[in-house]
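Q: The structure that follows is given in the form of structure tokens.
No value in this document is a laboratory result; all are computed from the given coordinates. These numbers were taken from a predicted model, which means no experiment stands behind them. Methodologically, a virtual Cβ is constructed for each residue, glycine included, from the backbone with ideal geometry; neighbour enumeration extends over all protein chains shown.
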Amino acid sequence: MQTFRQLDPLRRAVDALRCDGPIALVPTMGALHEGHLALVREAKARAAHVAVSIFVNPRQFGANEDLAAYPRQLERDAALIEAEGAALLWAPASEAMYPAGYATNIAVAGVSEGLCGAARPGHFDGVATVVCKLFNQVRPDFALFGEKDWQQLAVIRRMACDLDLTLPHVDAIIGIPTVREADGLAMSSRNAYLTPQERAQAAALPRAMQTAILELKAGAPVHGTLTALREALLAAGFVSVDYAELCDAESLVPLTTLPERPARLLVAARIGKARLIDNMAV
């Protein structure tokens, strides 16, 4: 596996790899877990070569968020993706991504404005900006993202469409189902912030969501079901619930009734030092 920290040698390596077949990109912020590795495996199944990026993007962290504390373990992460068959690791320094004088920001309206966008102002501007740069740097044929960050996936798809960044293949921005622990909790780098007691309590999140989905499908009112979901999380030990919403799966417009078209239940809640997000199809 080749590792690059600067853009020019990265581009030369990508051009050489492309001669042998399509390239898939898996963008990450490191602190890799089984969910990330599942993306690498799926990428390997779809393309001749897999490129993984590891970059803790400062532009998607708010003023009071965990940028300084976010785990950085590049050597460990590199070994994990190399073992999965990745051909290339793009691990730029912040100065390579945002050099002196950098002045451009990408903002995606609509899908970015509610949910995590409301709770974390500017977050999705940072996501859209860095992913646009990654697409231009690597020029992949496919890009894979976990569905755990459903709103992020919607923002990236909207951005790529609006800026004519559509990758060479149909549906080339691929969402991969959330990888979960044995008790149902979605795998996340931020799970490492939890104490053993908090980790046990956190399993209430997927359970409460599954209960809510069953009730919605049985005809329960949306507002009352979401209220009960929030109350269940607080009773289980979560300190707050940023949101619990039933939304259209594509536009992320909040719904007050269960539609015939695809919908998504999305939740963000805080426990200990961690802000956990999850979503499930309804």
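Q: Would you list the P(r) distribution for the chain, with all Cα-Cα distances sorted into 5 Å bins from 0 and each bin expressed as a whole %?
A: Percent of pairs per bin, in order: 1, 5, 12, 16, 18, 17, 13, 9, 5, 2, 1, 0.
Q: Which far-off residues, 5 or more places away or on another chain, put their amide H under 5 Å from the one on I174, with H placed in the peptide plane?
A: For I174, whose amide H was placed from the backbone, the distant partners under 5 Å are A143, L144, F145.
Q: Of L234, L89, L39, which has the largest mean-square fluctuation in a 10 Å C-alpha GNM of the chain?
A: L234
Q: Can you give me the orientation-averaged projected area of the convex hull built on the Cα atoms of region 155-194, in nm²? Could the numbers behind the result be given before it?
A: Working: hull surface 17.1 nm².
Average projection, Cα convex hull of region 155-194: 4.3 nm².
Q: Is the shape of region 1-69 best called rounded, prolate or oblate, per the rule: a/c under 1.5 gives rounded, else a/b larger than b/c gives prolate, else oblate, with a ≥ b ≥ c the square roots of the Cα gyration tensor eigenvalues?
A: Values: a/c = 3.12, a/b = 1.59, b/c = 1.97.
Taking the square roots of the gyration eigenvalues as a ≥ b ≥ c, region 1-69 is oblate.
Q: To the nearest Å, what is the center-to-center distance of region 67-84 and region 197-259, using C-alpha atoms only?
A: Here the answer is 32 Å between Cα centres.
Q: Whose amide H sits under 5 Å from the amide H of A263, counting only residues 5 or more places off or on another chain, with H placed in the peptide plane?
A: A249, V282
Q: Any chance you could run the full-extension gain for Y102 through R190? It's 0.36 nm times the residue separation minus the Cα-Cα distance, nm to one decimal. It would help to have the intermediate numbers written out before the result.
A: Working: separation 88, 0.36 × 88 = 31.68 nm, distance 2.92 nm.
The span from Y102 to R190 would gain 28.8 nm if fully extended.
Q: Taking only DSSP H segments of four or more residues, each worth -39500 (n - 2.57), what value at 222 nm results for the chain once the sum is divided by all its residues, to the nearest 500 deg cm²/dmol? Spell out each step's value before the answer.
A: Numbers: 10 runs with 108 residues, N = 282.
Result for the chain, helices only: -11500 deg cm²/dmol.
Q: For the chain, modelled as a Gaussian network with Cα springs under 10 Å, which listed residue fluctuates most, A83, A91, A269?
A: Comparing A83, A91, A269 in the GNM, the peak value goes to A83.
Q: At 37 °C and 0.692 mPa s, grab the translational diffusion coefficient of region 189-281 from Stokes-Einstein with a Kirkwood Rh over Cα pairs, rounded to a whole number in µm² per second. List each step's numbers first, then the result.
A: Details: Rh = 13.5 Å.
Taking Rh from Cα pairs, D becomes 244 µm²/s.
Q: In straight Cα distance, which aspartates and glutamates are under 13 Å from K44, not counting same-chain residues fewer than 8 positions off?
A: Within the straight-line limit of under 13 Å, K44 reaches these aspartates and glutamates: E82, E84, D141.
Q: Which of C161, C19, C132 moves most in a GNM of the chain, Cα contacts under 10 Å?
A: Of C161, C19, C132, the Gaussian network model singles out C19 as fluctuating most.
Q: Can you say what percent of the DSSP beta bridges in the chain, counting only those with both residues inside, are antiparallel? Round to 5.
A: 50
Q: Which Cα, out of A107, A93, L67, lies furthest along the positive dipole direction of region 51-169 (beta carbon charges, K/R +1, D/E -1)?
A: Checking the options against the dipole of region 51-169, the answer is A107.
Q: Would you mind calculating the relative contact order of the chain from Cα pairs under 8 angstrom and at least 6 residues apart, reporting the percent as a whole number? Mind dumping the intermediate values first?
A: Numbers: 477 pairs, mean separation 48.1, N = 282.
It rounds to 17 percent for the chain.
Q: In region 186-215, whose amide N lies under 12 Å from the spot 7 Å out along Cα-to-Cβ of E34? List them in ranges.
A: From region 186-215, the list is 186-188.
Q: If the reach is capped at under 16 angstrom between alpha carbons, list the aspartates and glutamates near K217, excluding any in the same chain fewer than eight residues apart.
A: E245, D248, E260
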